[in-house]
Amino acid sequence: MAFSMHTKLYPANHKTVFVLDHTPYFGISCESPIEFEFLKARTPGFIPMTPISKSLWTSSVESAIEYCRIVWDLFPQGKLVRFIASDTVAHILNTWNQTQQNLTHVMNGMSLIGVPPPPPPLRSVNTPLDYTVLHGLRAAIEALSEVTDIQQEKIQSGVDGQKILNRGRVICITSARDNDSMKRLEDIFLSVLTQQNKVSSTESYRLLTIDHCHLVIINTFPINIESQVNNHPPKNLSPILTTEVHSIKAPQIPNKLSSLILDHYDLASTTVTGIPMKEEQNASSSANYDVEIFHASSAHTAILKGNASDSAAIRTIKEGLEYETTTLKWCTPRGVTGTELQNCTATFRITPVDVNSRPSLCLINFLLNGRAVMLEMPRKSGGKITSHLLAAHGGEIFIHTLCTARSVLEDPPSISEGCGGRVTDYRITDFGLLIKQNTLLPIKNKNPEDGVLPIQKIKTRLNRLTRYWPLTISSTLIFNLKQYFDPLPSLITKDRISDDEVFQCKKVIYNLISLESKMEPLHPLNTGLRVKGQKREEQYKAMWNELEMLLKNNLHSENHRSVYTCLLECHKFDFEDDKIAEKVELDEALNQLDNIGPGKPEPGDQQRASVIRATTDSPMSPPPLTTTAPPSSRAAPRSAPGGIYSTQRTLFDIFAQAQNNVKPKMEFVGRLNSEGNVAKLYPNLKGDDRGPREQMEVE
């Protein structure tokens, strides 16, 4: 639950009223047997004891008393709790007086009223008594209207006309039949609350109107009964009343109140694990135990704001409960006492959740004897960190939040340290000068004449000075060459510059032009770093580009524009060359593809190529490209010769066009002299007159 500043000034937990149902119904058993047999060995003839169980009244009283114990342990002052038991009338057990805010007074009152009365006989002739919890709720509203001592002090010390908000909470433990009965109970409570505010407004000298009331109804029943009442989360019945209902079995009331108290008082749970403790049966051996404690939630702020994975690893849901607990491990070295000083950031009181358990008792006694307990938080990445310390001061036990970050007592880290401790080359000197130039001082004139607030002026100034401000030395060149550029960088960032200052800026530009014409190298001033551009041309090119960026980001007036224009006139910047370089190179490559082979074939060559194709192509060959109708994208004329952005051409189009421009090879002579373009090979092979054959001799 987020606690705002308004809630902290006038908290609802300043006044809490417990209304306990004391009707005959709460005298029945909750049907949860308690084992009382502690003998391990049973002799023959042993008769076991009859199991017993608590009543609904006993479970309600014990849970409410434990709730108060935790509150008064953690908040000795300022958190007031009252008890009212309701049967035929409202039994008020204590008041808002601080002397009655203790468990002894409340328990004495409980013993006086005793257990709930028995139910009347079925055949009783007497008029039935009015047993209802409404008497207690009406008395609780009247109690919230009463002024406490703390509220009285605020009224007396407050400024005239300043209203003290009266906020409170009512926790009612009762049992309803169904949802309709619960709804009527809420409506009656709202009606009584409205009437009480009317009465309080007329008697403002002794009563306070209730600005807001939080009604928490716990509907309880035995474990062998199914309730017809449904839970509902907090809802606003009116601007002055918020209600919520929890329907639970009687043995579960302590667990429910433990969950509610964390929200009501902004508390957190910590489980101290790994506590070494000697066994009762065997004093020579020891075992590790866990102890759960409650404290203010602010004790965990530091560790929960750290690494999210580490925080999630130590937070778990308590078994059988609804809230989270943070698990921290015992890591106390030998000889550590509570008197030793530790670097702490906050301290808060603690109280054990199970105050009667042996591990809790041993831990409390250990701390009250002057010892201290160090608690460590494991890290998911490995390693551990000591985050908290438990120690007693003046008979009260506190949890100390230790400083897990760099201590203020240690030397601060160097400004040159970057992420992970890496050394960086920040412009520390220039940054210090920037801070001095923009130091804020208090002024007396709260209403400026121009209507612009000083905070707006400084924001505008910082925005102007840091529009171009490189963080590191290696990312800038002109700020490392101050002997060449001063006073241009300091003048150009002004809101207005005079004509003389314009002349000085232009003079710097002219000097740079002169240095470039002489090809003199630019030497950085005591930076200890080498400029990336080893060549002079690259060095000057980087310098001109950065200077152009600086002037372009500081065009605050016409004089600033004149300096920027002077730079553009004196030095030619190829802004478009870099953008169109790739386009020009691609156009030239396409032109080279288009010009592969001779330019335009002659008409005779085209006819000859057609003859060759007609005699060499197979019947399944596709028609020649010259006779195929080109696609629309290919047939469209190009708007510019050699351009690639006029029409879309694929790689196949370029290849096909290059093949068409290639001159065909010389035709076979035999095919040219034959009929029908068909040449007959070896025509004299089968002739009679084949001529004389020479004699062949074999050696």
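The values are calculated or read from the model by the stated rules, or taken from the named source; none is laboratory data. Every value quoted in this text rests on a predicted model; they were computed, and no experiment measured them. Heads up, the Cβs are rebuilt from the backbone with ideal geometry, glycines too, and the neighbour counts pull from every protein chain shown.
Structure summary
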read-out	value
Residue within region 149-157 that is under 30 Å from E186 (Cβ atoms) and modelled with pLDDT under 90 present	yes
Residues satisfying the stated conditions in region 455-487, i.e. in a helix (DSSP H, G or I), surrounded by fewer than 13 Cβ atoms within 10 Å (Cβ to Cβ) and of a type in the set (S, T, N, Q)	Q456, T460, N463, S475, Q483
Residue tally, condition part of a strand (DSSP E or B) and more than 27 Å from the chain's Cα centre (by Cα), over region 375-398	8
Scan of region 167-196 for residues that are among the polar types (S, T, N, Q) and assigned to a strand (DSSP E or B), ordered by number	T174
The one condition in (1) without any contact (Cβ under 8 Å) to a residue 12 or more places away in the chain; (2) over 39 Å from the mean Cα position of the chain (by Cα); (3) within 17 Å of L555 (Cα to Cα) that T460 fails to fulfil	(2)
Filter result for the condition that a residue is small (G, A, S) and at pLDDT 70 or above, over A640, A656	A656
Count of region 191-207 residues which are under 16 Å from V19 (Cα atoms) and touching a strand residue (DSSP E or B) at 6+ places or on another chain (Cβ under 8 Å)	1
Subset of region 54-68 [assigned to a helix (DSSP H, G or I), among the charged types (D, E, K, R) and surrounded by 16 or more Cβ atoms within 10 Å (Cβ to Cβ)]	E66
Residue match in region 488-508 (condition: without any contact (Cβ under 8 Å) to a residue 12 or more places away in the chain and within 30 Å of T424 (Cα to Cα))	yes
Qualifying residue in region 241-258 (condition: assigned to a strand (DSSP E or B), closer than 25 Å to P116 by Cβ, touching a residue at least 60 places away in the same chain (Cβ under 8 Å) and touching a strand residue (DSSP E or B) at 6+ places or on another chain (Cβ under 8 Å))	yes
Count - residues of region 197-221 that are assigned to a strand (DSSP E or B) and of a type in the set (S, T, N, Q)	2
Criterion: farther than 17 Å from G168 by Cα and either assigned by TED's automatic domain parsing to the domain that holds E186 or of a type in the set (D, E, K, R) (or both) - qualifying residue of I217, I248	I248
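To keep it simple, each residue is scored yes or no on (1) surrounded by fewer than 19 Cβ atoms within 10 Å (Cβ to Cβ); (2) part of a helix (DSSP H, G or I); (3) touching a Gly at 6+ places or on another chain (Cβ under 7 Å).
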residue	(1), (2), (3)
R82	no, no, no
A85	no, no, yes
H91	no, no, no
T104	yes, yes, no
G109	yes, yes, no
L112	yes, yes, no
P117	yes, no, no
P120	yes, no, no
